[in-house]
Amino acid sequence: MTTFILASASPARLKVLRAAGLEPVVRVSDVDEDAVAAALPGGTTPDGVVVALAQAKARTVAGELSAGLDGVCWLDGADAFDSVVVGCDSMLHIAGELQGKPLSVEVARQRWATMAGRSGDLLTGHSVLRLRDGKVVAAASGCTTTTVHFASPSDTDLDAYLASGEPLQVAGAFTLDGLGGWFVEKIDGDPSSVIGIGLPLLRRLLSEVGVSISDLWDRSGS
């Protein structure tokens, strides 16, 4: 059975995958996202930025797996010799700018001043690497774009939302599957990609590297 390795610390991505029948091995990369983005050629499209970041995360984790294959302990007995590594990166493209995690209340408040009552594109880059015997034998990548239409929260509600801490560690300073869902009027596109990992695109990318979705389903409880 192919081992699915998620190169992300996002609990939202893990939750989506578990609800879809997978039980990934989580391995967080230490990629310097700002450095990767800064090194990209001028004129790189927003889609290109998030895909490049996803690729960097997947490559880093795949490299760690390859380097430690003989004594890999973080797979906990899973098959290190037949695995697929998936990296993701999400950013909000709005008002001509790409927005990642705000990290502070002040920045999140500034973001919401731009977002309230407007629409933006939530971009999620995906990178899939298929490994056999520690070597990358196939790769596929792509981006999902979903348009998000934001409400205009009251000052009281926005203050409370920022104080909750939820928007500080997520792309675009909002969530769809948490408190932020109250402030999303509608979306045009794939809801799973707004949460952080697009199942339709991921299915296609896995197929490109020769992995069937049903082969990854966790049947341990059946």
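The values are calculated or read from the model by the stated rules, or taken from the named source; none is laboratory data. For clarity, every value in this text was computed on a predicted model and none was experimentally measured. Counting neighbours? That spans all protein chains shown, and the Cβs are built from the backbone with ideal geometry, glycine included. Areas reflect the complete protein model, heavy atoms only, side chains present, ligands, DNA and RNA absent. Shrake-Rupley method; radii C 1.70, N 1.55, O 1.52, S 1.80 Å.
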Quiz prompt | Whole-angstrom gap from region 1-64 to region 175-222, using each part's C-alpha centre | solution = 14
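Could you order peptides 170-180, 91-101 by the average number of other Cβ atoms within 10 Å of their residues, highest first?
On the way: 170-180: 21.2, 91-101: 17.4.
The peptides rank, most packed first, as 170-180, 91-101.
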Quiz item: Under a plain spin-label model, where a point goes 7 Å from the Cα along Cα-to-Cβ, how far apart in nm are V137 and S212?
Solution: 1.6
Quiz item: Out of every Cα pair in region 1-70, what percent are spaced more than 16 Å from each other?
Solution: 56
Quiz item: Which percent of the accessible heavy-atom area of the chain goes to carbon and sulfur, probe 1.4 angstrom?
Solution: 51
Practice problem: Set Lys and Arg Cβ to +1 and Asp and Glu Cβ to -1, take the dipole of region 94-222 about its Cα centre, and tell me which of L162, L131, V148 lies farthest positive. | Solution: L131
Practice problem: Among DSSP beta bridges lying fully in the chain, give the percent that are antiparallel, nearest 5. | Solution: 85
Quiz item: Kirkwood Rh over Cα pairs of region 150-208 into Stokes-Einstein at 25 °C, 0.890 mPa s: D in µm²/s?
Solution: 192
Quiz item: Which whole-number percent of Cα pairs in region 1-144 have a distance greater than 23 Å?
Solution: 41
Practice problem: Divide by every residue of the chain the summed helix terms, -39500 (n - 2.57) for each DSSP H run of at least 4, and state the resulting mean residue ellipticity at 222 nm, rounded to the nearest 500 deg cm²/dmol. | Solution: -10000 deg cm²/dmol
Quiz prompt | Nitroxide proxy distance, nm - points 7 Å out along Cα→Cβ at T45 and K186 | solution = 2.6
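What is the percent of Cα-Cα separations in region 90-222 that go past 17 Å?
Values: 5444 of 8778 pairs.
Result: 62 percent of Cα pairs exceed 17 Å.
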Quiz item: At a probe radius of 1.4 Å, what is the per-residue accessible area of V84, in Å² to the nearest 10?
Solution: 0
Quiz item: What is the gain in length, in nm to one decimal, between Q110 and E23 on full extension, counting 0.36 nm per residue of separation less the C-alpha to C-alpha distance?
Solution: 27.6 nm
